[in-house]
Amino acid sequence: MILQTALESWANFYVVVGSSAGALTGLQFVVMTLIAQAGRRGSRDTLTAFGSPNVVHFCAALLVASVLSAPWHTLRQVSLPVTLLGLAGVFYSVEVLRRARRQRDHQPVFEDWLWHNVLPTLAYATMAVSGIVLGWNSTGVLFAIGGATLLLVFIGIHNAWDTVAYVTFAESSTPQPDRDARTISPPASAPSGPPPAPESSRAPSAREP
């Protein structure tokens with residue numbers, strides 16, 4: 001009874017978060033389309049460090065929402081998938097950090113390290129620890145799981161928007177060829193004065209017979 005009451009109290013929250021995460025997954029496809037239209041091609045490490053993790057975060061949030069919306073009988077049953085998902089996310093965040101350090105297409109700044117590495121690792125670590133504590137029938141830790149899940153959605157939104165803003169700014173700052181330089185210049189004006197007389201109309205020279 002306590003389990004059902006605790007999970008039912010979070011039902012509306014996970015309906016909103018889960019549906020938002022599922023819908024926002026398509027946002028990353030829009031981002032990749034804009035990058036392709038801009039004519040920018042990055043390395044595989046750059047894509048897997050700054051692009052693919054956004055889809056993973058959205059899918060992780062959707063998975064947590066689905067798990068906590070299932071009809072479980074005990075909190076220990078819920079704790080196992082949540083803990084495994086959190087641990088998998090931590091290991092994945094470490095791999096993303098390795099790829100970000102290895103790629104050479106983009107020089108990350110503090111904001112990049114924060115949103116692409118620090119915050120995702122914090123969210124997944126919180127989820128893993130909360131899943132373990134959840135196995136001790138602690139319903140209060142559901143707030144930590146809900147916060148970590150919502151943070152993953154915000155991370156995906158921020159990173160996707162940041163990518164679009166970066167591509168748009170880089171594209172607009174690229175110098176474009178001057179239209180005036182591509183126009184055909186008018187022909188040079190003819191020299192002033194009367195045109196030279198034709199050869200047949202010239203006066204005979206005094207030395208000609």
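The values are calculated or read from the model by the stated rules, or taken from the named source; none is laboratory data. What you see is a predicted model, and the numbers here were worked out from it, not measured in a lab. FYI the Cβ positions are ideal-geometry reconstructions off the backbone, even for glycines, and counts take in every protein chain you see.
Some values worked out for this structure:
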quantity: Condition met for Thr74 (more than 23 Å from Leu150 (Cβ to Cβ), of a type in the set (Val, Ile, Thr) and over 22 Å from the mean Cα position of the chain (by Cα)); calculated: yes
quantity: Residue that is surrounded by the fewest Cβ atoms within 10 Å (Cβ to Cβ) [pool: residues in segment 94-140 that are small (Gly, Ala, Ser) and over 13 Å from Thr48 (Cβ atoms)]; calculated: Gly140
quantity: Residue list for segment 18-31, restricted to those being buried (at least 16 other Cβ atoms within 10 Å of the Cβ), modelled with pLDDT under 90 and out of contact with any Ser or Thr (no Cβ under 7 Å at 6 or more places or on another chain); calculated: Leu24, Thr25, Leu27, Gln28
quantity: Segment 70-98, subset in contact with a helix residue (DSSP H, G or I) (Cβ under 6 Å, 6 or more places away or on another chain) and modelled with pLDDT under 90, residue nearest to Ala23 (Cα to Cα); calculated: Trp72
quantity: Within segment 118-136, tally of residues that are among the β-branched types (Val, Ile, Thr) and under 19 Å from the mean Cα position of the chain (by Cα); calculated: 2
quantity: Tally, over segment 56-82, of residues that are among the β-branched types (Val, Ile, Thr) and in contact (Cβ under 8 Å) with a residue 40 or more places away in the chain; calculated: 4
quantity: Close pairs (6 angstrom Cβ cut-off, 6 or more residues apart or separate chains): of a type in the set (S, T, N, Q) in segment 91-107, part of a loop (DSSP other than H, G, I, E, B) anywhere; calculated: Gln103/Ser43
quantity: Every pair of residues 6+ apart whose Cβ atoms lie under 6 Å, when the first sits in segment 36-51 and is assigned to a helix (DSSP H, G or I) while the second is among the hydrophobic types (A, V, I, L, M, F, W, C) and at pLDDT 80 or above; calculated: Ala49/Val96; Ala49/Ala100
